[in-house]
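Colleague: Got a structure for you, written out below as structure tokens; questions coming shortly.
The values are calculated or read from the model by the stated rules, or taken from the named source; none is laboratory data. Given the structure is predicted, the values throughout are model-derived calculations rather than measurements. Quick reminder, even Gly has a Cβ in these numbers, built from the backbone with ideal geometry, and neighbours come from all protein chains shown.
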Amino acid sequence: MATKLGTKPEALYDADFYVWSEVQAELLRKRQFDALDIESLIEEVEDLGGALKRSVLNNASVIIEHLLKLQFSPAAESRAGWVESVLEHRRRLEFDLTPRLRNILEDELPRVYILVRRDTDRKFRLHDEHAAADALPAACPYSLDQVTGDWWP
């Protein structure tokens, strides 16, 4: 079936994703299931879930980094910015965190921490904060509730 721009759904997907998404939504509304680009729809639905998961993990990463900086860095001038960042990213988590994503974040917290710790260590050392870098715990010192809640070091 030809659609907008006289293009098959599969070709439209590559040519103009936005128009493709409008066409697919309209076909769904009209219940014209035989005309849908099923393979691309499946891929996009999976990508939506993956994007939400990445958003949760990224927001948690920023929170952990700034909690570490608040706890271990001697820098006084940056503290207000770190607090504001933690507040912002906790708010973002509030919007995105479903029960399933909360479970995933809890499972991924050790891996997320290892990555954040590595980067925070490097940043501390770039700012000659070697004692702060040396003080970073090997394992995540924060529980999921501390990351997502109103806890402060």
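Colleague: Might you let me know whether the range 50-71 holds any residue that is part of a loop (DSSP other than H, G, I, E, B) and either closer than 30 Å to PHE124 by Cα or more than 23 Å from the chain's Cα centre (by Cα) (or both)? Write out each step before concluding.
Modeller: So the first thing to find is which residues in the range 50-71 are part of a loop (DSSP other than H, G, I, E, B), and the list is none.
No, every residue in the range 50-71 fails to be part of a loop (DSSP other than H, G, I, E, B) and either closer than 30 Å to PHE124 by Cα or more than 23 Å from the chain's Cα centre (by Cα) (or both).
Colleague: Going through LEU93, LEU52 one at a time, which residue ends up being over 28 Å from ALA135 (Cα atoms) and in contact (Cβ under 8 Å) with a residue 40 or more places away in the chain?
Modeller: Values: LEU93 fails: over 28 Å from ALA135 (Cα atoms).
Within the list LEU93, LEU52, the selection yields LEU52.
Colleague: Quick check: anything in the range 58-77 free of Cβ contacts under 8 Å to residues at least 60 places away in the same chain and either in the same structural domain as TRP20 (by TED's automatic domain parsing) or under 30 Å from TRP20 (Cβ atoms) (or both)?
Modeller: yes
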